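The values are calculated or read from the model by the stated rules, or taken from the named source; none is laboratory data. Since this is a predicted model, take the numbers as computed values, not measurements. Note: ideal-geometry Cβ built from the backbone for every residue, glycine included; neighbour counts use all protein chains shown.
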Amino acid sequence: MSDKVIIFDTTLRDGEQSPGASMTKDEKVRIARQLERLKVDVIEAGFAASSEGDFQAISAVAAAVKDAVVCSLARANDKDISRAADALKAANAKRIHAFLATSPLHMAVKLRMSPEEVLEQAKRSIRFARNLAEDIEFSAEDGYRSEMDFLCRVCEAVINEGASTINIPDTVGYATPELYGEFIKTLRTRVPNSDKAVWSVHCHNDLGMAVANSLAGVKIGGARQIECTINGLGERAGNTALEEIVMSLRTRKDYFDMVCGIDATQIVPASKLVSQITGFVVQPNKAVVGANAFAHTSGIHQDGILKNRDTYEIMRAEDVGWSANKIVLGKLSGRNAFKQRLQELGIAIEAEQDLNEAFVRFKALADQKAEIFDEDIIAIMSDSAAAEDGEFYKFISLSQHSETGERPRSKVTFKVGNKEASSEAEGNGPVDASLNAIEEIVKSGAEQLLYSVNAITSGTQSQGEVTVRLSKGGRIVNGVGTDPDIIAASAKAYLSALNKLHDPNQVKLNAQMTP
């Protein structure tokens, strides 16, 4: 059995199912390019049948990615599978990922199908998919809560029809490591043609055991593909975290005796990019990618680290992409230095005009704050990329007045399509007043679910990164804005969220829970 573990990243599909984490086509392409720099084996780019926007995003990712396999999810029916195949036409290497529920609860309550009907549909769908692509994955949704005998029959049948990867998801995060590992092992032992497919694990983190379960599925069960997301992003409590899987396999190679092809130095850049685009801030004590993951405040720990890093560190910060050189640029830095730092951060600039525009933004920020950090540069490039998306609403300027004992007032000027609009409003605070001013013109009627502020770097000169989450008509979107002025950042974030609500391609179908 091979000691290579395939890393299947589903940030763009399962990660996007987090409420508010929906991404635009261009945002998906940016993340996909970073995943390719990370050297993941498979990139699941979306669910082609869920919306026209997702179809276009998958097509764009398929055209942009050169080395990784690009995958689209599909329900186990001809329409979804055909849509997935069409979206993947431009891919150098493509995979169709069909799923169908196999647990008694899901079959009876959700699908309203008998086990025999499910078995036949699974076989038909894989047979149909195999005519459209060579690389076919089948997922038994809620596989861990399925009856073993029936699941064995389904797995054997779909392998006979041409499925080359079999995924057994713990869809609701119910498993525990030892039991899940043995479950996968039993399946592989009892399915006669199990050696004809790669076995995959896809675990959710409802009980905080997604990473442990996935590793047990590999070590005990013999699976050789792990499905995961950057930062563990995903619906409910999230998915298996890619960064934790990769560094577990590397750090404890003595135990797992397995390898993966990931370039670990790209982990932190990937984490920061996904966090910035989705607005899901990484908690400071998050393993591997949290701000405190390699911080030592205890005197005893600091003394040990100074004498020998191995005393309190099992990994090196630089191995996963943390930069020891935090302060990199300032207002006197030139264009070439800026371009060099972009390359070091793994940020690709394809057009000279894009570089020039980003450098102008860098200079403007350098006039406002003395020290430019890596995080600032990432934010600059994220704002530049967002500006290329053809925003319907675009921030221009803001002025506000607040004084103790008086009700704050704000005036916001922004573009609505090709026209410029200004409005004034009062609020409970300057942020509230600014957002009220925007609503005076937009009249979106959206419900605000979240307002969050995060300092991009340390100190009072830090840029503020604001996340606004809005809900309307069953849709939930995030908007992110950055600026040294937290009020301006708030207005930018609100307009960013409104742009996503305005984009009809962002509408998704929620036909059924996915693996």
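Put simply, of Ala62, Ala49 the only residue that is hydrophobic (A, V, I, L, M, F, W, C), assigned to a helix (DSSP H, G or I) and closer than 22 Å to Val274 by Cβ is Ala62. Within the range 102-144, the set of residues being within 22 Å of Pro177 (Cα to Cα) and touching a helix residue (DSSP H, G or I) at 6+ places or on another chain (Cβ under 7 Å) comprises Thr102, Ser103, Ala140, Glu141, Asp142, Gly143, Tyr144.
Among the residues of the range 173-208, the one identified as among the β-branched types (Val, Ile, Thr), buried (at least 18 other Cβ atoms within 10 Å of the Cβ) and either on the phi > 0 side of the Ramachandran plot or assigned to a loop (DSSP other than H, G, I, E, B) (or both) is Val191. Considering (1) without any contact (Cβ under 8 Å) to a residue 24 or more places away in the chain; (2) in a helix (DSSP H, G or I); (3) more than 23 Å from Lys185 (Cα to Cα), the lone condition that Asp149 does not fulfil carries the number (3). Tell me whether the range 191-209 contains one or more residues that are closer than 20 Å to Gly15 by Cα, assigned by TED's automatic domain parsing to the domain that holds Thr10 and among the polar types (S, T, N, Q). Yes. Applying a threshold of 7 Å to beta carbon distances and a minimum spacing of six or more residues, or different chains, the list of pairs starting in the range 315-334 at a residue that is part of a loop (DSSP other than H, G, I, E, B) and ending at one that is at pLDDT 80 or above and surrounded by fewer than 12 Cβ atoms within 10 Å (Cβ to Cβ) reads Lys331/Asp367. Out of Thr467, Thr460, one residue alone is surrounded by 19 or more Cβ atoms within 10 Å (Cβ to Cβ), assigned by TED's automatic domain parsing to the domain that holds Ala366, under 19 Å from Asp376 (Cβ atoms) and within 30 Å of the chain's Cα centre (by Cα). It is Thr467. For Arg407, the criteria (1) touching a Lys or Arg at 6+ places or on another chain (Cβ under 9 Å); (2) over 25 Å from Arg361 (Cβ atoms); (3) modelled with pLDDT of 90 or more hold in every case but one, which is (1). Selection of the range 346-371 for residues being among the charged types (D, E, K, R) and modelled with pLDDT of 80 or more yields Glu352, Glu357, Arg361, Lys363, Asp367. Screening Leu38, Leu105, Leu119, Leu100 for residues that are within 17 Å of the chain's Cα centre (by Cα) and either of a type in the set (Gly, Ala, Ser) or not assigned by TED's automatic domain parsing to the domain that holds Pro515 (or both) leaves exactly one candidate, Leu38.
From the list Glu235, Glu227, Glu243, the lone residue that is at negative phi, in contact (Cβ under 8 Å) with a residue 12 or more places away in the chain and assigned to a helix (DSSP H, G or I) is Glu243.
Can you find, within the range 358-372, the residue that is nearest to Lys331 (Cα to Cα) among those that are part of a helix (DSSP H, G or I) and among the hydrophobic types (A, V, I, L, M, F, W, C)? Out of the qualifying residues, it is Ala366. One residue is enough: does the range 2-14 have a residue meeting the conditions within 14 Å of the chain's Cα centre (by Cα) and either surrounded by fewer than 24 Cβ atoms within 10 Å (Cβ to Cβ) or among the hydroxyl-bearing types (Ser, Thr, Tyr) (or both)? Within the range 2-14, one or more residues are within 14 Å of the chain's Cα centre (by Cα) and either surrounded by fewer than 24 Cβ atoms within 10 Å (Cβ to Cβ) or among the hydroxyl-bearing types (Ser, Thr, Tyr) (or both).
For (1) over 15 Å from Ala21 (Cα atoms); (2) aliphatic (A, V, I, L, M); (3) touching a helix residue (DSSP H, G or I) at 6+ places or on another chain (Cβ under 6 Å), each residue gets a yes or a no:
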position	(1), (2), (3)
Glu440	yes, no, no
Lys443	yes, no, no
Thr460	yes, no, no
Val466	no, yes, yes
Ile476	no, yes, no
Gly479	no, no, yes
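Looking only at residues in the range 395-437 that are in contact with a Leu (Cβ under 7 Å, 6 or more places away or on another chain) and under 30 Å from Val29 (Cα atoms), the one that is surrounded by the fewest Cβ atoms within 10 Å (Cβ to Cβ) is Phe395. Reported count of residues in the range 1-46, each being in a loop (DSSP other than H, G, I, E, B), of a type in the set (A, V, I, L, M, F, W, C) and under 21 Å from Ala348 (Cα atoms), is 3.
Could you look through the range 487-515, keep only residues that are surrounded by fewer than 18 Cβ atoms within 10 Å (Cβ to Cβ) and more than 21 Å from Lys28 (Cα to Cα), and pick out the one that is modelled with the highest pLDDT? Only one residue fits best here, namely Met513.
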